[in-house]
1. For the pair B:His293 and A:Leu56, how long in nm is the line joining their label points, each one 7 Å along Cα→Cβ?
2. Rounded to the nearest Å, what's the spacing between the alpha carbon centres of segment C:221-246 and segment A:151-219? Just the number, please.
3. How are the alpha carbon pair distances in segment C:6-233 distributed across 10 Å bins from zero to the largest one, expressed in percent?
4. For chain A, find the longest principal axis of its Cα atoms and tell me its angle to the long axis of helix A:139-161, 0 to 90°, nearest 10.
5. With θ taken as phi - 60° and the coefficients 6.51, -1.76 and 1.60, list the Karplus ³J(HN,Hα) couplings across segment D:107-119 in order, rounded to whole Hz; mark glycine and proline as x.
6. Using 24 Å as the Cα-Cα cut-off, could you pick out the over-long pairs in B:Lys169/B:Lys295; B:Lys177/B:Lys409; B:Lys122/B:Lys142; B:Lys177/B:Lys248?
7. Over the heavy atoms of D:Leu53, what accessible area does a 1.4 Å probe trace out, to the nearest 10 Å²?
8. Please compute the net charge surrounding A:Phe136, taking Lys and Arg as +1 and Asp and Glu as -1 over other residues with Cβ under 15 Å from its Cβ.
Amino acid sequence: MTNLLQLLIDALLMGGLYALMSVGLSLGFGVVRIINFAHGEFVMLGAYGAYWALTLLHVDPLLALPFLIVLGYLGGWLLFRGVVAWVLKAPALNQILLTFGIALVLQHIAVVLWTGDVRSAMPEYALSTTIIGDVFVVHGRLIAFLVAGTLIAALTTWLRYSETGRAVRAVAQNHDAAILMGINPGRIYALAFAMSTALGIASGAIVSFLINITPFMGFSILLKAVAIVILGGLGSIAGTVISAFILAIAETMVAYYVPEGAGWTEGVAFAVIVGILLVRPRGIIGSALAT
Amino acid sequence: MGNIRASDLRRGAIGLVMGLILSTAAHAQQEVRIGLPVELSGRFVAFGAQIKRGVETAVEIWKHTRGDKVAGRDIVVIEHDTQSNNSTTVSVMNQLINSDKVDILIGPGGSDSGAAAVPSWKQAATHPVWIVPGVSTTVVEKQVGKDPYFFHTFPWTYQYHETIVAGLKQALGTGKKVAIIYSDGAYGRAHIEYARQYLKDGGFQIVDEELIREGAPDFLPTLLKVRSAHPEILYTLVQTNDAILLAKQIYSAKLNIPYLIGTFQATLPEFKNSLGAVQNCWTGVNSYIMNLHTKADQAEPKLFPAGDEWEAAWRTKYHKEPEYMEVGAYISTMLALLAVEHSNAVDRDHVATALAAQSYQTIMGNSRFGPSEIALHQAFGKVIDFQLQKQGDGYDNVIFYPPERAGGKLVACPAQ
Amino acid sequence: MNPPSAAAILLAVAAAIAALVIPFLGMPLLTDIDFRICALAMIAISWNMMAGAGLVSLGHSAFWGLGSYAAILSANDLGAPFVVSLVPAVVAGGLLGAGLARMTGRLRGIYFAISTLATSEGLRVLATMLPDLTGGGNGLYLDSTLFPGNAAISLAIPCGAIVAALIAWAISRSRYAFALRAMRNNEAASQMLGVAPIRFRVGIMAVAGAIASLAGAINAWHGGYLDPGVAFDLKTTIDAQIAPILGGVYTLPGPIIGAIATIAFEEFTRALFGGMVGISLLVFGLVLVAVVLVLPQGLVGLLRKTRRR
Amino acid sequence: MTPLLSLSNIRAGYGASLVLHDLSIEVGEGEVVCLLGANGAGKTTTTCVIAGLVRPWSGEIRFAGESIAEVPGHRRVSLGIALSPEGRQVFPEMTVHENLLLGSYAPHARRDRTRAMDQVLALFPRLEERLRQKAGLMSGGEQQMLAIGRAIMSRPRLLMLDEPSLGLAPRIVMDVYAAVAETARAGISILLVEQNTEAALAVADRGYVLANGTIAASGSAAELRGSALVRSAFLGIQAESAP
């Protein structure tokens, strides 16, 4: 049953991408306790960044990636200090509306600067494939999977073994105890939010040669990331990565086996959100943190 | 706030209202008001921008040749952005018809906007002449029915498939196995019925029909199902964004299907620029294709110049190739202005009868309006089948049907 | 809620009369704006009711869309005239509201918001994938023979808005109000005081859902055309939040003043920037961010502050 | 000899409710001082004010001769102030080892982290056995040892312990207090906040009795042990006459 094998490979490669897209959101929520509704727009900006690097400067998206990550980090830091920091104590309503507003602004800055036309980056590895037996692997997807894997591995190692990484986990687990250790929570919030933005930009850069780039691509990405983060347990990085693969596999299976399945795939993410929230509001896989 | 008495409020409101009523009435005689309900932001911003450029150029060239007025009236173009949002489209149509009291409506471009615009036009007591240079979905044709004030200068869905299937039949004979991929939106749903009907009548064997979701990131599962059906022809009914991604994923999945059939997307610059080599051997239809070296119209050589001259002028003005909806909007505006000039009136009956009687030789062929399956006034229903074939380092639209305009033959896509 | 001053009552009555009279002034532009303000006021009041019980809805387009389809389908398939077709819409909205409240009983804050978002997007996928019922992507046209004329519809929406405002006013004076405020501040504490959160939550969500669906239904008749994208448009969810936030959350006049401000602002940006692609919605986003940062209590909060000083 | 820590006329509370009314206490260099009092007397608020988690409404805090009221919470550990907080509050998802590493997060502590680690593991051998285990899965007593160990890792001059014996079996309480005594012998001044009067007075040089936010009595450990006031303050009954 070659098609099944092919489906699993596609799902696996797509799962890596979904993981990178949602890990940033999960980190942001784990530490700063805010679901950033503008996360999809950071992915969009990353995609445009890689696209313009390739078309104007003839720099391959993978070479542009480090610069985009740094830019994303700085942008995230400024956005946090300038705007997001003021609503940390505000009720959930204000936080949701604020990030919603930021999403609207970023979306339409993109429309004003680059119009609504469809674009996609086309480095030569985007479409070339290798055939193994009668299963084909698209180079672009494999590369995206590998880059996503390395970035997530780097993130988890940094969180586990570095001083600041431990400090971030400490703030996420117990804000007051972290202060007693000499950790400045304000700085850690800004750092975590900036990293979450940088991760969004990075996933945008590697998505630029896989799917279409438009100013309005952010919203559907956000909803998928929210479904994954909720399935994986809010704030748990490991849970998020596992549930990213689960969602990718579920979507691919529905697309293939259910009649007119391609139409229903988007419904899978929403069914997951509603289903999980009713069964176990704190998410299933990762041990969720007390919000 | 508390101290304003209710009576003051009332007196102020009435004064405002009277002022408004007087001003609109006075303007009616000396103007011809053209309303543009166009998408200037949102998903269909590309179509809206094209229509706007087409209308602007037409008015400019008219003023250049005939002077600032038409039949003694100033030309006033009123444009409102529908934001590619159907509820905004309803309010924009209401505003143009009832408040701006336009004489002629031109637009919108996208099928969804067109579908949403119909009810507010039909419900208006004396709805104005409405020329639509875009919108292919027959949902609109069914809603508009035999209305004498509706003019369509763009092919309907079935006119696409009538010509595509005829071209395929002439090139490949009958009995070939066909797989169809269609989108779950208005576009796909509208086209699938006619595609099925014309392909069956044309003697083709439909082996697979697959639905895809508009804006989905991954079509591979669908392509695997198509691959197991082993079709010789892949017939796709999707709009620009999905068409680009689908073309890329078909290429990387190495489906090796000899004939790749699309509808309009192969003509769009976004399709060509985004795909590069991947666009090779995709076929499509269009009512307008560049450098067909059409001749100028005898009666109005300045308003409808020769193809090459008009295209050159367009390139210098906008530094880009002209696209079909720009040409459609240009011609629609010219026809409208000529109708006002011939009938020397702006009321809808005179303009409608004058429009229906006209016949000019334009870049998109003869402009005569005739009945389509349901609607009364349809122009430029004839489409041309073409295939993107590699010529030197670029890709050209090689026409293979109808025979009298063919410049080449349909070729199978190279195996990967 | 301190008892409203005489001026406030006068203003409310004047606004109600204006909303009812405008459609008959023969001013189409004004009638269209009046229609959109009243429709927005209805969903803003509905959203504000939910927010009053501590429930942040990100799925108001679900109620709006469900109401639209219920009305148009009952008209086209069952031949129900305008007013009769509003009944299934109200019932559908109420059931969805109550269902959501019961289903998401334990969820608070962000979780509730996300489940409403998922519900509205889920309904949009359902509407797209069931073409024989809803016409799917092809869209659904109101059977024009049933069209009761613009007057009836232009009158229905202000009545809907006035009814919604009266319901909100009635609730604010009932013991519901104190229970809801307790729930908003601290669910556990209110439980101890004998307030059954589930019962109040279901009640409020049913009423608020019904109001939002009624607005959607009347708008569907006004527009005459429906497709999943229109019915479950994200913009409805955004507008439903912006109006109460702009006007002042948890207050009675807030959603109404906010609705007027939002539509006025929308017309202003469309007129001023209409021609330039995307600018109008960009400015709108900036205002949203600014309002949340600068005016958390919205205009009414500002008004109250200035009057008290 | 100026005291290491001195609080004068501290008024502090949460929101609108005042908890500490004009609290003044002192801890000398190398001294072990205990702060006794019933539940809700304001003991934890005191430690939070000193550690910088709670801003006092008024009054002065001086540490090693300087006023530290303006020093933010996360900088007080670098001055040498460490707190093992009420309820232990270890980082549940992290291992014992990671919790201890975090204890020495402050730059000055990071420099001789290995020596501090050996010292703490010697002081609490049970922690060495469970070094790789998640802190959240350990017993109350082990978590208490970890909390104290974590505080010691920051090389403090003043170690504050907030109710270390709460909810522990008597045998574990003895181990904990043995470790406290050994730490005191190493010259670290200790502020011991406790309800367990005997255990505290056994270790302390001097002490205060806190009742309803003010100091009801103070004196050497011996004086306090005998005084009726300690009993009444502890049981919360209002004593007729001050000693």
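The values are calculated or read from the model by the stated rules, or taken from the named source; none is laboratory data. Since this is a predicted model, take the numbers as computed values, not measurements. Neighbour counts run over all protein chains shown; Cβ positions are idealised from the backbone, glycine included. Just so you know, the surface numbers come from the protein's heavy atoms only, side chains and all, with ligands and any DNA or RNA stripped out. Shrake-Rupley method; radii C 1.70, N 1.55, O 1.52, S 1.80 Å.
1. Going by the 7 Å Cα→Cβ label model, 4.1 nm.
2. Distance between centres, Cα-based: 34 Å.
3. 8, 32, 33, 20, 6, 0
4. For A:139-161 against chain A, the angle is about 20 degrees.
5. Along segment D:107-119, the couplings run x, 5, 7, 4, 5, 10, 5, 5, 5, 4, 4, 4, 4 Hz.
6. Details: B:Lys169/B:Lys295 30 Å; B:Lys177/B:Lys409 20 Å; B:Lys122/B:Lys142 12 Å; B:Lys177/B:Lys248 22 Å.
As for pairs spanning more than 24 Å Cα to Cα, those are B:Lys169/B:Lys295.
7. 50
8. Working: positive: A:Arg141, B:Arg227, B:Lys248, B:Lys254; negative: A:Asp10, A:Asp134, B:Asp218.
Computed value for this residue: +1.
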